[in-house]
Amino acid sequence: MVYNTSSLYQQSLQSLNTAYDRSLLASAKVIGEQLTVQGYDELAIVESTVPYSALEAFEADNQSRLFYRVSTMAGELVGGFAELPLWRGRIAQQPPYAALVDFYNGEFRGMPVRIAALLQPVASANGRGMAIVQVAETLQIRESLAREILLGTLFKQALLFVCIACVVVFVVRRATLPILQLSEQLNSRSNDDLQPLKVPPATPVEVLPLVDSTNRAMARLAHLLAHQKRFVRDASHQLRTPLAVLKVQVQSALRGDVEPLQALHEINSTVGRATQLANQMLSLAKVEQLQQSEQAQPVSLTEIMRDMVIELSPLLAEKNLQFELVSEELTLLAHPWMLRELVRNLLHNAIQHSPHGAPLQIRLAIEENHPILRVSDWGEGVSPAVQTRLAEPFVSGTPNGGSGLGLAICRSICDALHAQLHLRNRHGNGAVEGFDAVVEFALVANTSPPSSHVHIRHL
């Protein structure tokens, strides 16, 4: 703003100087035309007969004054004001006017002045010579007009700025009114109100994607909250049952209704089931935590499968299962804990539902460019009604099949790994001959064609 004001003032002053310099040149020419000369060249004597009143016609108004000086080329005063400093400048190669004139700023009697120095040839019947005619004008009128131009322009600019600001404020408020209405909708809602936002009339097209994204986010949040409420409700019910049973068992032991050793065995079994349920609930929570905070890394799924087989080998031996592990060397991009929990829960679920001495197979292979993990048991399978809900929390395939969280954990891990979990009965000879849990992975870091086979039978 300061730079613009200064630049405008200088431009106005320059324009005024151009206009008033013409008047100075005219005054100098009038004086030059009144000069006389006696003699020639260096011997010429120039005389001035110009009265000061002749310059009054060129004064703009009472604010400005004109002064002049006529000198020979040697600097001798011919006429005018001797106090006016002699011109010592140079004529430009291309003067602004058709005359040998130089315009410059100076000071006279303590006042800033604008001076025109004209080299005037003087000729008569008795001589020929050259004179320097200087005419000075005070700058009050020029500076006063420049200030008036500046103030008038600034006033108009201020009015224009105010008008533009009003228009901008009006347009911005009108354009942002739908956004303010959306904000009021959100602020006036209760904490549990996750209904979609209503689009106000005249909403800008640019805002609609934001509203759609907000509604989708609120829909996902509503689904997540509903899932969490259902999970908390089911979890509290599931935890209440073993705790109530444990309390009854302890009271029976205190009253002496059962033998101490038998009571301890029953209490130990109840505590084991409650511990397994709590661990599985923590696993579900950890899957969500790892999904949001952990970075995937290359993990050998083949090594994890072998480790899980060794970890669960006591359960395989207890049921004397005919176990078979068929695996290709395969590396996935995932979190190691997720893959361990996935294999552990799938294998533990298959062992739990396998009959004594039955076959059990876990296979890892590349099928149609996708890594496929398949866990197959030869149990009774599940009913079609339960099969569609088998991966939901606290849903079990059999009445005494456990807490029903193992496959729910597997489903959550598959969602975090962008994998597909398929749970289905396996048919043969027109009947159900077993159950398959199939995981179809999407991301592969490295695979090797050779396969390694591990067969464990009759442990």
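The values are calculated or read from the model by the stated rules, or taken from the named source; none is laboratory data. In this text the structure is predicted, and so the values were computed from the model without any measurement. We place every Cβ from the backbone using ideal geometry, glycine too, and count neighbours over all the protein chains shown. Remember, those area values only see protein heavy atoms, side chains included, never the ligands or the DNA or RNA. Shrake-Rupley method; radii C 1.70, N 1.55, O 1.52, S 1.80 Å.
Taking packing as the residue-averaged number of other Cβ atoms within 10 angstrom, the listed peptides 324-332, 112-120, 249-257, 160-168 run from highest to lowest as 112-120, 324-332, 249-257, 160-168.
In terms of accessible area, using a 1.4 Å probe and ignoring ligands and nucleic acids, T214, T18 rank largest first as T18, T214. Listed peptides 380-390, 26-36 appear in the order 26-36, 380-390 once ranked by packing, highest mean of other Cβ atoms within 10 Å at the front. Accessible area of Y97 (1.4 Å probe, protein heavy atoms only, ligands and nucleic acids ignored): about 40 Å². If you take the alpha carbon atoms of the stretch 174-220 and fit the smallest convex hull around them, that volume is 61 Å³ per residue. For the Cα trace of the stretch 72-206, dividing Rg by the Kirkwood Rh returns an Rg/Rh value of 1.56.
Straight-line reach from K198: taking Cα to Cα under 19 Å and skipping same-chain neighbours fewer than 8 places apart, the aspartates and glutamates in range are E184, E206, D212. Pairs of alpha carbons in the stretch 104-177 separated by more than 21 Å make up 63% of all such pairs. Computed packing ranks the peptides 417-425, 176-184 as 417-425, 176-184, most packed first, by mean other Cβ atoms within 10 Å.
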